[in-house]
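To start, the structure under review is shown below, and the notes come after it.
The values are calculated or read from the model by the stated rules, or taken from the named source; none is laboratory data. The model shown is predicted, which means the values in this text are computed figures rather than measured ones. Here the Cβ is made from the backbone with ideal geometry for all residues, glycine too, and neighbour counts use every protein chain on show.
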C-alpha cells in the first residue's frame, strides 16, 4: 500500500516535475550561449553531436512516460 494518497502523489509530481523542468530549460538556455560566435568557434559536426546527445536523452525520458507496455502482446 502506498503511503501517499493519489492526490498527494499528483501534487508531489507536479511540484517536483515543474522544478526539474525549469532546471532543464535553464540549462538549455545556458547551452544556447555557446552559439555566440564572437566568443566560441565550432563546426557543424560538433553541433550535430550536441543535439544528438540531447535528442537521445529526451527520447529516453519520453519513453519512460509512455503508458503502453512494450513487453506485452498488443494487436496494434
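The figures follow:
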quantity: Pair list, Cβ < 7 Å and 6+ apart or interchain, from the stretch 5-19 residues that are over 18 Å from residue 61 (Cβ atoms) to residues that are at pLDDT 95 or above and in a helix (DSSP H, G or I); calculated: none
quantity: Every residue from the stretch 1-17 that is part of a helix (DSSP H, G or I) and surrounded by 10 or more Cβ atoms within 10 Å (Cβ to Cβ); calculated: 8, 9, 10, 11, 12, 13, 14, 15, 16, 17
quantity: Residue among 56, 45 that alone is more than 21 Å from the chain's Cα centre (by Cα) and part of a helix (DSSP H, G or I); calculated: 45
